[in-house]
Amino acid sequence: MLRNRMVQFLLLYVLALAGLLGLKYGLGLSDYIIPPFLEICRTGLDVTPRYVAHVLNTLSIAILGHAISLLLAFAIGMLAAGKSAIAALVKTAAYNVQSYPIVAVAPIIFILLGDGLLSRLIISVLICYFPLLLTVMGVLSEPVEDIEHFYRMTGHICWGLQVRVRMFENIGKLTTVAVGSATMAMVGTIVSEFIASNAGIGYSIRVALYQSDMAKIITALLWIGVATSLYLILVEWIGNLIHRRVAA
């Protein structure tokens, strides 16, 4: 799986790069806008050691943010899936918080907390957790009639049992969304670094943008893709392991 995933990513990356160079020569764009292939290679070799370290820094924040997002989504989802007034309030608050674009909220976070690790982590969580929350709320709001009817007739039904039954019956959907949200965690971290951080690969892309250095941006995209692909493989493996354990 590791080899296949990396080959697929590298194939897509090469095709995208070929398309970009084809656009350059087809439209006659200058080397200042899109550098030639050899310059991209030279720049890539020069900055790769530094960019790999920056990507690993970003990936570490993304992994932590992803883990926190999973915990938040399940905790808030269980609170919001009930029928009480508190559940309705939690659901409304979750939707309202997500309705604000991250570029509007991020300046407040950076003003209060600075441009360090905590700000990057919070923005990563804010971007990542909402798709997870929607799935958890959807799963917990759909009754599993056959099983729940049995426990209801025997007088053993309770909210905790309903939660366990519904999660067990939808474990495949939950693990799939958890795997997919790993990409959002990486995106959230890079966005936070691009906006106002002083570390990570997002910061490196911002510096390259200010320098109008397309070769550095292309190199950064390569290592972002490699890191994200490796993390997705790990999360998929963990998800499949949980799925098999639960189904066994």
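The values are calculated or read from the model by the stated rules, or taken from the named source; none is laboratory data. Everything quoted here is computed from the prediction, not taken from an experiment. Cβ coordinates were reconstructed from backbone atoms using ideal geometry, including for glycine residues, and neighbour counts include every protein chain displayed. Side chains are part of the model used for accessible areas, which takes the heavy atoms of the whole protein and leaves out ligands, DNA and RNA. Shrake-Rupley method; radii C 1.70, N 1.55, O 1.52, S 1.80 Å.
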Flag if E148 is at pLDDT below 75, assigned to a helix (DSSP H, G or I) and open to solvent by less than 20 Å² (accessible area, probe 1.4 Å): yes
Cβ pairs under 9 Å, 6+ apart, first in the stretch 32-55 and closer than 13 Å to D213 by Cα, second of a type in the set (D, E) and open to solvent by 50 Å² or more (accessible area, probe 1.4 Å): E39/D31
Some residue of the stretch 195-202 being on the phi > 0 side of the Ramachandran plot and open to solvent by less than 40 Å² (accessible area, probe 1.4 Å): yes
Filter result for the condition that a residue is surrounded by 14 or more Cβ atoms within 10 Å (Cβ to Cβ) and closer than 28 Å to T219 by Cα, over A80, A62, A94: A62
Hits in the stretch 213-247 - residues which are open to solvent by 20 Å² or more (accessible area, probe 1.4 Å) and either in contact with a Cys (Cβ under 6 Å, 6 or more places away or on another chain) or among the hydroxyl-bearing types (S, T, Y) (or both): T228, Y231
Pairs, first more than 21 Å from S119 (Cβ to Cβ) in the stretch 64-77, second of a type in the set (G, A, S) and part of a helix (DSSP H, G or I), C-beta under 7 Å, six or more apart: I76/A94
Matching residues in the stretch 4-18 - criterion: being open to solvent by less than 70 Å² (accessible area, probe 1.4 Å) and at pLDDT 85 or above: F9, Y13, A16, L17, A18
